[in-house]
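The values are calculated or read from the model by the stated rules, or taken from the named source; none is laboratory data. Keep in mind that what you see is a predicted model, and the values were worked out from it rather than measured. Cβ atoms come from the backbone with ideal geometry, glycine included; neighbour counts cover every protein chain shown. Please note that ligands, DNA and RNA were not included when accessible areas were found on the heavy atoms of the full protein model with its side chains. Shrake-Rupley method; radii C 1.70, N 1.55, O 1.52, S 1.80 Å.
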Amino acid sequence: MLEVKDLVTSFGSVIALDGVSFTAQESKITTVIGANGAGKSTLLRTISGLEHPASGSITWSGKSLIGMRAEDIVRNGIAHVPEGHAVISELTVEENISMGSLFRRRKFKADVIAAQDEMFELFPRLKERRKQLAGTLSGGERQMLAISRALVSRPKLLLLDEPSLGLAPLVVEQIIDSINILCRTTGLTVLLVEQNANTALGVADHGVLLALGKVVADRPAAELRADANLRAAYLGY
Amino acid sequence: MDTFLAALFSGTSRGAIYALVALGLVIVWRGAGILNYAQMGQAMFSTYIASTMITNGNSYWLAFVVAILVGAVMGALLDILVMRPLSNKKKTELLSSESMRAAIPVIASLGILGVLQALAGIIWAAEERGFPAPYAQEGFTVAGNVMPFTSFDVFVITVVLSTLALTTLFFKKTGVGLAMRATALNSEVARLSGIRTNFTRSLSWAFSGAASSLAGLLITPTSNLSPNTLDLVLIIGFTAAVVGGLDSPAGAVIGGFLVGMVISFVSFYDTPEDVFLAILAVLILVLIIRPRGILGAKDARRV
Amino acid sequence: MRAVSKAKNHSIARKSLRRTIFFVVAILFAASTFDAYNQAQLALVLILFIGVLSVTLLTGISGQLSLGQGALMAVGGYCMALLMINQSYSLWVAIPLAIVGSALAGLLLGIAAARLTGPYLAGTTLVIALAIPTLANRFMSVLKGDEGLPVDVGYPPVWFTNLFGEPSYEQWQLYVALPFAAIALFLASNILLSRTGRMWRAIRDNETAAALSGVNFSRQKIFVFVVSATFAGLSGALYGLRGLVGPSVYPVSLSLLLLTAAVLGGIRSIFGAFIGTVIVVFLPDWIDAVLHQFELSEQVSNFMPALVSSLLLILTVVINPAGVAGTHLHKHKHK
């Protein structure tokens with residue numbers, strides 16, 4: 001279980017997260033939604049260790065993540081797929097995926113290979129292009145690659161930042177479906193940040209609505225979806 | 001025809017060394033985004049250590065290995081003691097400017113160069129020393145003619161080419177190599193993949209240090225050893241790296257050989273004194289005509 | 001954007017003038033209390049101060065790192081020496097002409113370098129700095145190779161000795177350097193306070209933003225090089241007047257010395273430039289005073305100043321990149 005309490009992250013004089021508190025239940029999909037600039041990405045970056053909070057606490061399975069380096073947080077079973085440039089264009093598809101499991105090679109040699117194969121099963125298009133440079137992939141394929149890179153480290157918590165950004169609805173559907181299946185079959189906990197609230201609430205169990213760095217609503221996804229006033233006020237539809 | 005052959009061979013042999021220097025520069029540039037002006041200072045320092053060992057009776061090969069190890073350790077120490085604290089600095093007013101952020105590591109590396117040269121002066125005095133070569137420096141005799149190619153030249157080319165081959169294999173095939181490449185290309189994604197980027201960066205520095213020490217060991221026999229001899233080599237290495245493309249290891253190699261040829265031909269057909277001006281001309285030409293270098297990527301960082 | 005009023009320009013000039021006068025008075029006062037050796041050192045400080053200002057303007061204010069200021073100094077020195085020797089001009093004529101020559105060199109350098117940034121610029125200027133001895137040897141007949149061209153400060157004119165009495169050689173060096181240093185200070189202060197200074201700072205801080213706000217910056221970049229070159233050339237000319245203009249007088253380490261002084265003292269201000277120069281010039285003396293108690297070999301004492309100043313450079317850059325003077329010194333609102 002991921003517990004975030006009174007988290008404050010600021011950049012100079014700009015307060016991006018202003019006392020955010022919520023819980024993400026194990027093996028469930030929790031989505032963080034809100035308008036642009038609400039602090040959603042900053043939230044994920046703070047959890048994964050790329051940003052340091054000014055105050056507050058983050059615990060995963062009882063262990064505090066505050067002050068840990070990003071590369072150590074990964075080794076604690078948390079994988080973050082940042083928005084935008086989450087793959088390294090100059091490396092091949094295979095190398096990008098390998099990259100995610102480098103730190104496991106010594107202890108789990110056989111499993112590393114098994115994990116890689118599983119990724120190719122999940123996303124067959126990547127298998128076709130395994131020797132190609134990541135920069136030559138389409139947007140959807142690159143997103144699949146980024147997710148593979150994260151999943152190959154066998155995380156218990158997956159932080160997904162705007163996977164639908166710039167992708168065609170069909171591709172988005174495919175990706176979200178894969179994540180959903182993964183969560184239900186392997187018990188992966190997912191924290192999903194999305195601009196497209198409708199899609200996100202459609203697949204999530206729980207929803208957290210952020211506005212200007214504060215939590216405005218923290219409810220089961222179905223309830224949020226049904227609340228027309230909230231949607232109109234914060235999500236614009 | 002004789003002059004041409006001599007120039008060709010000399011160019012190949014020298015070019016190999018310059019390729020090594022350029023490679024060292026490119027590794028740190030890609031791995032840490034810094035142009036390490038202290039590189040040849042490190043090489044000079046480890047060559048002095050080797051020289052002292054040899055003078056004290058140790059075998060050349062022992063000194064050789066020690067010098068390379070010293071180079072690697074020095075490189076890593078430089079990263080840990082100077083470069084890492086530099087990049088960890090909180091954003092002060094001075095550092096909010098793009099160009100100052102780029103300039104400061106350069107200034108730091110110049111400071112390191114100064115320290116190394118001064119230390120070398122203190123420890124060993126600025127006296128010029130000879131440095132032995134493990135193989136004969138006379139030309140082969142073929143059919144009664146003395147070729148302008150010595151067994152030492154063969155040694156140099158063999159060492160450099162095998163180093164380059166091993167380096168390429170290392171980067172392409174090993175996990176550590178992949179980690180180093182990933183850290184160099186996108187350190188955020190690398191961190192999110194669990195790669196210890198600080199450690200990996202220090203490895204790049206160690207690698208570069210070893211490569212430059214090797215270059216120093218190979219080039220010193222044909223000149224003399226003093227705290228300043230390798231400054232010229234740094235300039236040539238820099239030019240070679242620029243010619244080949246500062247972000248391309250393969251480019252560094254090509255650049256090294258090209259520049260080696262230019263220098264060699266200028267030396268043989270014109271006068272050695274013009275070598276410097278030739279290098280300057282090549283540098284300016286490349287920067288004007290094709291600033292990214294032969295193999296450099298199109299939108300590579302220019303700052 | 002020509003909206004800066006005449007009144008503003010006048011107040012800038014007045015401010016600069018006040019600083020300059022204060023500076024001149026302070027120097028003269030210090031000189032009167034110094035012995036001959038330290039007077040010569042002070043003269044050296046004044047000479048190098050102008051050179052360090054060239055670094056401050058180029059790197060501190062405009063953000064372009066050049067390692068070739070020593071080469072520009074050499075240009076100034078050679079121009080002056082050639083005019084004085086071949087044309088028998090007095091130094092008061094030769095120096096301004098040398099400044100023009102340096103400006104031209106700066107123009108060439110600027111045109112070549114304006115496209116470069118960061119390590120490319122630094123590396124290229126380093127190569128240029130190293131090319132000086134080669135050029136001197138190439139054109140042996142004119143530039144006299146390693147031997148160089150001997151010049152010196154000469155004797156004070158009669159009207160001077162009538163008014164002030166006969167100065168010692170060290171004092172005369174000081175009196176020759178001082179007016180040039182004062183003019184340099186005045187001009188540098190003016191630039192820093194003016195709209196030009198603001199443009200240069202904009203280039204340094206954020207190239208993209210500066211371009212968007214309409215600053216024509218390749219032209220400005222070239223202009224910075226020209227201005228910086230004139231300072232360096234003046235410094236180089238005065239530096240040569242200490243006895244010789246030749247490759248041994250303008251080695252690469254001179255460029256690094258200027259840079260070290262600028263960084264140590266504070267790369268963003270005139271005051272920083274001065275402090276840095278004082279440190280760099282007097283450091284060998286201070287080290288000597290400390291080491292005197294220990295019996296050290298010549299080997300060690302020769303290289304100790306270089307070791308200490310390089311260490312200081314590293315420490316400054318890592319711990320406090322703004323240098324001794326820091327960044328708070330100028331009272332204007334913009335950085």
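Which count do you get for residues in segment A:83-92 that are open to solvent by 10 Å² or more (accessible area, probe 1.4 Å) and part of a loop (DSSP other than H, G, I, E, B)? Looking only at that region, the number is 6. Going residue by residue through segment B:225-233, is there one that turns out to be touching a residue at least 60 places away in the same chain (Cβ under 8 Å), within 17 Å of B:GLY15 (Cβ to Cβ), away from chain C (no Cβ under 14 Å) and not charged (D, E, K, R)? No; the residues of segment B:225-233 include none that is touching a residue at least 60 places away in the same chain (Cβ under 8 Å), within 17 Å of B:GLY15 (Cβ to Cβ), away from chain C (no Cβ under 14 Å) and not charged (D, E, K, R). Residue-level analysis places B:THR197 outside the set of residues that are hydroxyl-bearing (Ser, Thr, Tyr), away from chain A (no Cβ under 11 Å) and touching a helix residue (DSSP H, G or I) at 6+ places or on another chain (Cβ under 9 Å). Of the candidates B:VAL243, B:VAL262, the single residue that is open to solvent by 30 Å² or more (accessible area, probe 1.4 Å), away from every other protein chain (no Cβ under 11 Å), aliphatic (A, V, I, L, M) and closer than 29 Å to B:PHE171 by Cβ is B:VAL262. Per the listing C:ALA98, C:ALA81, C:ALA30, the residue uniquely touching a helix residue (DSSP H, G or I) at 6+ places or on another chain (Cβ under 7 Å) and surrounded by fewer than 20 Cβ atoms within 10 Å (Cβ to Cβ) is C:ALA30. Among the residues of segment C:263-283, those that are within 14 Å of chain B (Cβ to nearest Cβ) and either open to solvent by less than 10 Å² (accessible area, probe 1.4 Å) or aliphatic (A, V, I, L, M) (or both) comprise C:VAL263, C:LEU264, C:GLY265, C:GLY266, C:ILE267, C:SER269, C:GLY272, C:GLY276, C:VAL280, C:LEU283. Scanning segment C:46-102 for residues that are among the aromatic types (Phe, Trp, Tyr) and over 19 Å from C:PRO247 (Cα atoms) returns C:PHE49, C:TYR89, C:TRP92. Scanning segment C:294-318 for residues that are more than 21 Å from C:LEU58 (Cβ to Cβ) and either open to solvent by less than 20 Å² (accessible area, probe 1.4 Å) or in a helix (DSSP H, G or I) (or both) yields a total of 17. Considering each residue of segment C:2-14 in turn, none proves to be assigned to a loop (DSSP other than H, G, I, E, B), surrounded by 15 or more Cβ atoms within 10 Å (Cβ to Cβ) and small (Gly, Ala, Ser).
B:SER267 satisfies every condition listed in (1) touching a Gly at 6+ places or on another chain (Cβ under 8 Å); (2) open to solvent by 10 Å² or more (accessible area, probe 1.4 Å); (3) under 22 Å from C:LEU126 (Cα atoms); (4) of a type in the set (Gly, Ala, Ser) except (1). When residues in segment C:84-95 are screened for being open to solvent by 10 Å² or more (accessible area, probe 1.4 Å) and either in contact (Cβ under 8 Å) with a residue 40 or more places away in the chain or within 22 Å of C:GLN220 (Cβ to Cβ) (or both), 4 of them pass. Residue count for segment B:152-199 satisfying the condition of being of a type in the set (Asp, Glu) and more than 13 Å from A:ILE88 (Cβ to Cβ): 1. Among the candidates A:GLU90, A:GLU71, the residue that is under 29 Å from A:GLY139 (Cα atoms) and modelled with pLDDT of 90 or more is uniquely A:GLU71.
Yes/no per residue for (1) modelled with pLDDT under 80; (2) among the hydroxyl-bearing types (Ser, Thr, Tyr); (3) surrounded by fewer than 24 Cβ atoms within 10 Å (Cβ to Cβ):
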{"residue": "B:ALA102", "(1), (2), (3)": "yes, no, yes"}
{"residue": "B:LEU119", "(1), (2), (3)": "no, no, yes"}
{"residue": "B:GLU138", "(1), (2), (3)": "yes, no, yes"}
{"residue": "B:ASN145", "(1), (2), (3)": "yes, no, yes"}
{"residue": "B:SER151", "(1), (2), (3)": "yes, yes, yes"}
{"residue": "B:ARG191", "(1), (2), (3)": "no, no, no"}
{"residue": "B:ASN198", "(1), (2), (3)": "no, no, yes"}
{"residue": "B:SER202", "(1), (2), (3)": "no, yes, yes"}
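Scanning segment A:93-126 for residues that are surrounded by fewer than 17 Cβ atoms within 10 Å (Cβ to Cβ), at the interface with another protein chain (Cβ under 10 Å from one of its Cβ atoms) and over 19 Å from A:GLY77 (Cβ atoms) gives no hits.
Would you check if C:THR161 is assigned to a helix (DSSP H, G or I), open to solvent by less than 70 Å² (accessible area, probe 1.4 Å), away from chain B (no Cβ under 14 Å) and farther than 22 Å from C:LEU234 by Cα? Answer is yes for this residue.
Conditions (1) modelled with pLDDT of 90 or more; (2) away from every other protein chain (no Cβ under 14 Å), marked per residue:
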{"position": "C:ILE50", "(1), (2)": "yes, yes"}
{"position": "C:SER62", "(1), (2)": "no, no"}
{"position": "C:SER66", "(1), (2)": "no, no"}
{"position": "C:ASN86", "(1), (2)": "no, yes"}
{"position": "C:TYR89", "(1), (2)": "no, yes"}
{"position": "C:ILE99", "(1), (2)": "yes, yes"}
{"position": "C:LEU109", "(1), (2)": "no, no"}
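Summed over segment B:156-181, the residues that are open to solvent by 30 Å² or more (accessible area, probe 1.4 Å) and small (Gly, Ala, Ser) give a count of 2. Identify the residue in segment A:43-74 that is within 16 Å of the chain's Cα centre (by Cα) and part of a loop (DSSP other than H, G, I, E, B) and, among all such residues, is nearest to A:THR189 (Cα to Cα). Checking each candidate, the answer is A:GLY49. Look at A:VAL8 and say whether it is modelled with pLDDT of 90 or more, assigned to a strand (DSSP E or B), open to solvent by 20 Å² or more (accessible area, probe 1.4 Å) and of a type in the set (A, V, I, L, M, F, W, C). Spelling it out, A:VAL8 is indeed modelled with pLDDT of 90 or more, assigned to a strand (DSSP E or B), open to solvent by 20 Å² or more (accessible area, probe 1.4 Å) and of a type in the set (A, V, I, L, M, F, W, C).
Reported count of residues in segment C:237-256, each being open to solvent by less than 20 Å² (accessible area, probe 1.4 Å) and either within 18 Å of C:GLY145 (Cβ to Cβ) or within 14 Å of chain B (Cβ to nearest Cβ) (or both), is 7. Do the conditions hold for A:SER153, that is, is it at pLDDT below 90, in a loop (DSSP other than H, G, I, E, B), of a type in the set (Ser, Thr, Tyr) and touching a strand residue (DSSP E or B) at 6+ places or on another chain (Cβ under 9 Å)? The answer is no for A:SER153.
The residue pairs whose first member lies in segment C:27-41 and is closer than 17 Å to C:VAL176 by Cβ, whose second member is of a type in the set (D, E, K, R) and surrounded by 16 or more Cβ atoms within 10 Å (Cβ to Cβ), and whose beta carbons are closer than 7 Å, counting only pairs six or more residues apart or on different chains, are C:ALA36/C:GLU170; C:GLN39/C:GLU170; C:ALA40/C:GLU170.
The residue that is surrounded by the most Cβ atoms within 10 Å (Cβ to Cβ), counting only those in segment C:131-158 that are in contact (Cβ under 8 Å) with a residue 24 or more places away in the chain and over 30 Å from B:ASP270 (Cβ atoms), is C:VAL151. For segment C:96-106, indicate whether the set of residues that are part of a loop (DSSP other than H, G, I, E, B) and closer than 17 Å to C:VAL227 by Cβ is non-empty. Scanning segment C:96-106 turns up no residue that is part of a loop (DSSP other than H, G, I, E, B) and closer than 17 Å to C:VAL227 by Cβ.
Let's see how each residue does on (1) open to solvent by 20 Å² or more (accessible area, probe 1.4 Å); (2) within 30 Å of B:TRP29 (Cβ to Cβ):
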| position | (1), (2) |
| --- | --- |
| C:ALA114 | no, yes |
| C:ALA129 | no, yes |
| C:GLN173 | yes, no |
| C:ALA181 | no, no |
| C:PHE186 | yes, no |
| C:ILE191 | yes, no |
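The residue that is nearest to A:ASN180 (Cα to Cα), counting only those in segment A:11-50 that are charged (D, E, K, R) and open to solvent by 40 Å² or more (accessible area, probe 1.4 Å), is A:LYS28.
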